[in-house]
1. Given the condition open to solvent by 60 Å² or more (accessible area, probe 1.4 Å) and either over 14 Å from Ala128 (Cα atoms) or touching a residue at least 24 places away in the same chain (Cβ under 8 Å) (or both), answer yes or no: does some residue in segment 175-183 qualify?
2. For segment 69-82, give me the residue count where each residue is without any contact (Cβ under 8 Å) to a residue 60 or more places away in the chain and either assigned to a helix (DSSP H, G or I) or in contact with a Ser or Thr (Cβ under 6 Å, 6 or more places away or on another chain) (or both).
3. Can you report the number of residues in segment 12-47 which are part of a loop (DSSP other than H, G, I, E, B), farther than 26 Å from Ala128 by Cα and either of a type in the set (Ser, Thr, Tyr) or open to solvent by less than 10 Å² (accessible area, probe 1.4 Å) (or both)?
4. What tally of residues in segment 87-101 results from selecting those that are buried (at least 22 other Cβ atoms within 10 Å of the Cβ) and either touching a Ser or Thr at 6+ places or on another chain (Cβ under 8 Å) or aliphatic (A, V, I, L, M) (or both)?
5. If you go through segment 55-69 one residue at a time, how many are among the hydroxyl-bearing types (Ser, Thr, Tyr) and within 11 Å of Ala20 (Cβ to Cβ)?
6. Check off (1) under 24 Å from Cys25 (Cβ atoms); (2) modelled with pLDDT of 95 or more for Ala133 and give me the number that stays unchecked.
7. Inspect all residues belonging to segment 34-52 and state whether any of them is in contact with a strand residue (DSSP E or B) (Cβ under 7 Å, 6 or more places away or on another chain), within 30 Å of Ala171 (Cα to Cα) and not basic (Lys, Arg).
Amino acid sequence: MDTIVGRGGNQAINLSESGAASAHCVISRTESGYNVYPINVAPTFVDGSRIFEMDDEFDGKSKISVGNFTGTIEDLYRQADFSGITDWGTMSERMPDADAARMFNNITVKEYIEDNDNKEALFLWDNAAACQAYYLIEAGKLRKAQELLYEAGDELYEAQDGSVRLKTAYASLLVLLAWLYVKAGRKDVAIVAKNGAQQLIGAGAQCSARVSNLLKTLD
């Protein structure tokens, strides 16, 4: 499986503060080494030389540079373990902006996460969509944020199986929806969403610090 490298990539190393593009380059494993292919106008360097095509093969110990990050190819090829993600607040620690969240949705999740019943990919997509909505709300783009939240919310609601992880995800999304309605001047609807979130969290869900802090501002 290829590794998408960037702020919204699936590499194990967090590049959110690296200055790399959301989707910067792709690293593929070959029988004897690695191929590196840029997918952004932002430059990718291997051992000091800028890479333009995927014709060359490199050793895993070769140095690759994206943004202000430099490390070995094999270090960037390692893919992240997303099993510890509970909600969009945790996801947002990895993706510092809406563009990175969008790239994670469109590339990393939809095409590079394999799961037989697709529940893990669905879970990650919904949290990444909510993460993107968080940044859109901050930017005042409430309509687009609302569309994302309702789409993710419908999917998370249908996916509920009684697990704490899915309860947490849905509760955190309701918190974000409540915040959106506060911004839109609809406190009556915000209260309904907030109460629903608190009911789920009270049943044992453990939201991230970002989600918990946002919930406190709604009380």
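The values are calculated or read from the model by the stated rules, or taken from the named source; none is laboratory data. In this text, all values refer to a predicted model and were calculated from it rather than measured experimentally. FYI the Cβ positions are ideal-geometry reconstructions off the backbone, even for glycines, and counts take in every protein chain you see. To get the accessible areas, we keep the full protein, side chains included, count just its heavy atoms, and leave off ligands, DNA and RNA. Shrake-Rupley method; radii C 1.70, N 1.55, O 1.52, S 1.80 Å.
1. Yes, segment 175-183 has at least one match.
2. Result for segment 69-82: 3.
3. 3
4. Count: 8.
5. Residues in segment 55-69 being among the hydroxyl-bearing types (Ser, Thr, Tyr) and within 11 Å of Ala20 (Cβ to Cβ): 1 in total.
6. Unmet condition: (1).
7. Checking segment 34-52: not a single residue is in contact with a strand residue (DSSP E or B) (Cβ under 7 Å, 6 or more places away or on another chain), within 30 Å of Ala171 (Cα to Cα) and not basic (Lys, Arg).
Quick grid of which residues meet (1) open to solvent by 50 Å² or more (accessible area, probe 1.4 Å); (2) touching a residue at least 24 places away in the same chain (Cβ under 8 Å):
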residue: Asn127; (1), (2): no, yes
residue: Ala130; (1), (2): no, yes
residue: Gly153; (1), (2): no, yes
residue: Tyr157; (1), (2): yes, no
residue: Ser163; (1), (2): no, no
